[in-house]
Amino acid sequence: MARTFYVTTPIYYVNDVPHIGHAYTTVAADALARWRRLCGDDVCFATGCDAHGLKIQRAAAERGVDPATWADRTAQAFRDAWALLGITNTDFIITTEERHHRAVQQFLEAVRANGYIELGTYRGPYCVACEAYYTPDELLEGTCPIHRRPVEEVAEENYFFRLSRFTDRLLEHYDAHPEAVAPPGRRNEVLGFIRSGLQDFSISRTSITWGIPIPWDPAHVTYVWFDALVNYCTVAGYGTDPDRFARWWPADVHLIGKDILRFHAVYWPAMLMAADLAPPRQVFAHGFLLVGGEKMSKTRLNQIAPADLVATFGVDGYRWHFLADQRFGPDGDFSYEAMVARYNSDLANGLGNLAARVLNMATSYLAGGAPEHREDGPLAERAAVTGEAVAAAFEALDFAGACFAVQELVRAANAYIEDRRPWERHRDGDATGVAAILGDCLEALRIVALLSSPVIPGTGVELWRRLGLPGTPDDQRVPAAAVWGAGPPVVAPLRKGPSLFPRVEASTAP
Ligand code: MSP
C-alpha cells in the first residue's frame, strides 16, 4: 500500500478575506502535496476556515446575519481563492460542521476522562459594552479596543486545561524528535517557552454562545483555539471514522505562520497527549510576508488579494514568485517591482524562452518529429544533479531551493543552445548535429516540466502536451521518471504555442 502523507494549513478566520499571506502557506502546502503525489504517496491535504470565537460572532452581528451564514459566505471566498491558485486540497473544513462538533466533544471527553480538565476561575478585564473578556495585552491604554471605554476586572467560572502537567513530556518529546519543530530557530523558541514554565489555560467561556458546547456542561462554550486545533483530527476521521483516523494520524506536517507557533507546538501536542493521541510529526513555521516592511492588515489597507496578481502574472507566475523569491522560514518583503523582475528573469527569459526556442527550432528544422536525446548528452549530468537537488529541497521544505535547482537546468540548457548554435548547423546542412542538440534540449525540457510541476503545475501540463508526451506530469513517478531518458514514448507531434510567460512591464502595476 502507498505511503500516506498528511499535510495541513491553518484554518483561516472567516472574518477576513483571503490575501497573499494566507495564500503563501496554502501554495506551499500545495506544492508539497503535489510533490508527494509525484513520489507515489497517498496524500491528505487539508485546509479550511475557523468559524468560531467572539470576533466572528461580532462580525456577523455587525452585518445582521447569523454567524453560521456569515461563516459559510466568507469561507466561499477562501474556496474560490484556492480554486484560482490551483490548490489541490483533498478536504476543506469549516468548524461549524457536524463532524467537527463530534470530534471536539469526543476530544474534550477523552481529555477530561484522563483528568486534565478542571473547573477554575478565570479573572480578566471585561468590557460590558462588548460583553467580552480581553487579555491584558489586547487592551489599548487600559481601555476596550473597540469601545475605548474602561474595562472591569471580573471573574468567570471556566474549565481549564492542565497544560502545566505537560512540561516534562513535551521536553522529552522534542528531545526525542528534534525535527518536530522546524526551522531550528523556531524549535529553540518553543523549547525556551516550555522551559519558562507552562500555565494551565482556560478552555471554556460562559460569556459567549457562538461555538461548540462543552458536552458535560453546555452552559460553557469551547474556547476557539481548543476547538480550532482539533480540526486536524476531524479531517483525519477522529470522532466519525476510527479506521480512517488510524490510517492518517499523526499528521506529517502542519504548515503555519510563526504567529501561531505556540498554539501548534506547545498547546496542541499537549492536548493530543492528554487525549492519548500522538503529536504531529512536524510543525513547520514560516515567516511573515510583509508589504512595505509591515504586516498586512485590514486597518493598514495594505492587503493584496491573490487575484490582483494572478491577473498580471498568471497562476504559475504567482506560485513561482512566492515559492522562489524567499526562503521558507524567515520573513520576506513583498514588492511588485521585485515580482516583475523575478518573473521576467526566471520565467519569461528563462523557462519560457527555452521552451519557445527549442520547440520553434525543432518544429521548423525537424518537420515536427521529436529527435532522440543522447544517452550521455552534455545535459544529462546536469539533469541528474537537478533531480537530486529538487528531491532534497522538497524533503527539507525548501521550496526556493527546489525552484533554484530547476532554474539551474534551464540555464544550462539555454547556455548549451547558445554554445552549440543549432541554427548555424541547420544553415550548414548538419541535420544529425541539429537533431542531437535539440534532442538533448527536449529531454531537458521534459525533466524541467516534471520537476517544476509541483510549483507551476499548469506549465508542466502545457509543456508535456507541446512535447507530444502522453497524459500529464502528474501521471509520472519520481525519482524514476526524472532520470535522463526515462520519459514515456512520444505519442504526438511537437507543438509550438503562444509564449508560456509573456514579459510583464514594470509599469503594469495594478
Ligand atoms: N484561525 C487561526 C488558525 C487556527 S489553526 C488551527 C488563525 N487564522 S488566520 O486567518 O489569522 O491565519 C493565520 C495564518 O495565515 C498564519 O499562521 C499564516 O499561516 C497565514 N498568514 C496570515 N498573514 C500572513 C502574512 N502576512 N504572511 C504570511 N503568512 C500569513 O490564526
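What the table shows:
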read-out	value
Efficiency of FRET from Cβ geometry, E138 and D72, R₀ 35 Å, rounded to 0.05	0.80
Highest-first arrangement of 193-202, 165-174, 387-396, 352-361, where packing means the average Cβ count within 10 Å	352-361, 387-396, 165-174, 193-202
Mean-position separation - Cα centroids, the stretch 74-138 and the stretch 212-237, in angstrom	6
Pair D241, S364: separation of 7 Å Cα→Cβ label points (nm)	5.5
GluC sites (Glu not before Pro) restricted to DSSP loop in the stretch 415-510 with at most 16 other C-beta within 10 Å	E505
Listed residue (G293, N158, F334) projecting farthest to the positive dipole end of the chain, Cβ model	F334
Student exercise, the chain dipole from Lys, Arg, Asp, Glu Cβ charges, in Debye to nearest 20	700
Rh (Kirkwood; distinct C-alpha pairs) - the chain, Å	25.1
Only Lys, Arg (+1) and Asp, Glu (-1) charged, at Cβ; the stretch 36-165 dipole about Cα centre in debye	240
For the stretch 152-197 versus the stretch 285-364, the gap between their alpha-carbon centres in whole angstrom	36
Label-point separation in nm, A492 to I146, each point 7 Å along Cα→Cβ	5.6
Degrees, to the nearest 10: 353-365 long Cα axis against longest axis of the chain	30
Surface per residue (accessible, 1.4 Å probe) for the chain, Å²	41
Residues A113 and S164, FRET efficiency given R0 of 22 Å [Cβ-Cβ distance, rounded to 0.05]	0.70
The chain, relative contact order in percent, only Cα pairs under 8 angstrom and at least six apart counted	15
The stretch 346-407 - Kirkwood radius from inverse mean 1/r over Cα pairs (Å)	13.5
As computed over the stretch 381-475, the Cα convex hull volume per residue (Å³)	95
Dipole axis of the chain (+1 Lys, Arg; -1 Asp, Glu on Cβ), positive-most option in A236, T95, L359	L359
Accessible surface of the chain [probe 1.4 Å, protein heavy atoms]: carbon and sulfur percent	51
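The values are calculated or read from the model by the stated rules, or taken from the named source; none is laboratory data. Computed from a prediction, not measured in an experiment: that's the story for all the values here. Positions of Cβ are backbone-derived with ideal geometry, glycine not excepted, and every protein chain shown enters the neighbour counts. These area figures cover heavy atoms from the full protein model, side chains too; ligands, DNA and RNA do not enter into them. Shrake-Rupley method; radii C 1.70, N 1.55, O 1.52, S 1.80 Å.
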